[in-house]
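Heads up: the structure comes next, in structure tokens.
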Amino acid sequence: MRNYKNFSPTQLVEACRQQDYLAWNELVTRYERLVYTVPLRYGLPQAEAEDVFQTVWLALLNHLDALEQPERVAAWLVTTARRETWSRRRGADFERDAGVTVEQLDNPNEEDTSEEMMVQYERQTAVRRALSRLEERCQRLLKLLYYTTEKPEYTTIANELDIPVGSIGPTRARCLEKLRKEMEE
């Protein structure tokens, strides 16, 4: 059995073109968060974001053979998601509610380009993968410290992990060092 996780975007697209459904599953798994984030970022409600998600993947399936730069499939997905988002929410109400103008969707600034979103997504994915390779204690600590919307008190963390409050800082430092090493690999 082939290990699609190690495939480059180009290799995945080529395998999908050969109607390899396992490659398609890996492609969707790899980029699903990226695609889903775009409509949410522009203020679409969850139900509409799900529709955009489905439409984008169907569009890729229909245009797979015409994709000229398979290595840039992530950028293609972001651009398509942005255009689909705009087509669903065209007009002043969307601009007012989401705080997004037509110009921002059609001509985003440098921080909002498809490439930048893709790079940011790939970094986040790399961190999540590295985090998943850490021991459970480090995973739990780092998730509590960095993946919660409200920062918990050290006493709450200490109780949840059953460790002394004074050991959270040194443990965090060791876990971050382990994470850094995992990221380098």
Study note, to complete from the structure: Reported set for region 16-25 where residues are in contact with an Asp or Glu (Cβ under 9 Å, 6 or more places away or on another chain) and under 17 Å from PHE53 (Cβ atoms) is none
Review point. Which residues, taken from region 167-185, are of a type in the set (A, V, I, L, M, F, W, C) and either closer than 14 Å to ARG140 by Cα or at pLDDT 90 or above (or both)?
Key: ILE168, ALA173, CYS175, LEU176, LEU179
Revision key, fill the gap. Restricting region 133-155 to residues that are among the hydroxyl-bearing types (Ser, Thr, Tyr) and free of Cβ contacts under 8 Å to residues at least 12 places away in the same chain, the one nearest to LYS178 (Cα to Cα) turns out to be TYR146
Check your understanding: Do we find that GLN11 is more than 22 Å from ARG128 (Cα to Cα) and assigned to a helix (DSSP H, G or I) in this structure?
Key -> yes
Review point. Limited to region 4-28, what total is found for residues that are modelled with pLDDT of 90 or more, hydroxyl-bearing (Ser, Thr, Tyr) and in contact with a helix residue (DSSP H, G or I) (Cβ under 9 Å, 6 or more places away or on another chain)?
Key: 2
Point to revise | First in region 162-181 and without any contact (Cβ under 8 Å) to a residue 24 or more places away in the chain, second anywhere and of a type in the set (A, V, I, L, M, F, W, C), Cβ under 7 Å, 6 or more apart | key: PRO164/ALA158; VAL165/ALA158
Exercise for review: Would you check if there is a residue in region 36-47 being in a helix (DSSP H, G or I), free of Cβ contacts under 8 Å to residues at least 40 places away in the same chain and more than 17 Å from TYR121 (Cβ to Cβ)?
Suggested key: yes
Review point. Within region 24-34, is there a residue that is in a helix (DSSP H, G or I) and more than 15 Å from the chain's Cα centre (by Cα)?
Key: yes
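The values are calculated or read from the model by the stated rules, or taken from the named source; none is laboratory data. Predicted model only: the values in this text are computed from it and were never measured. In this analysis, Cβ positions are derived from the backbone assuming ideal geometry, glycine residues included, and neighbour counts consider all displayed protein chains.
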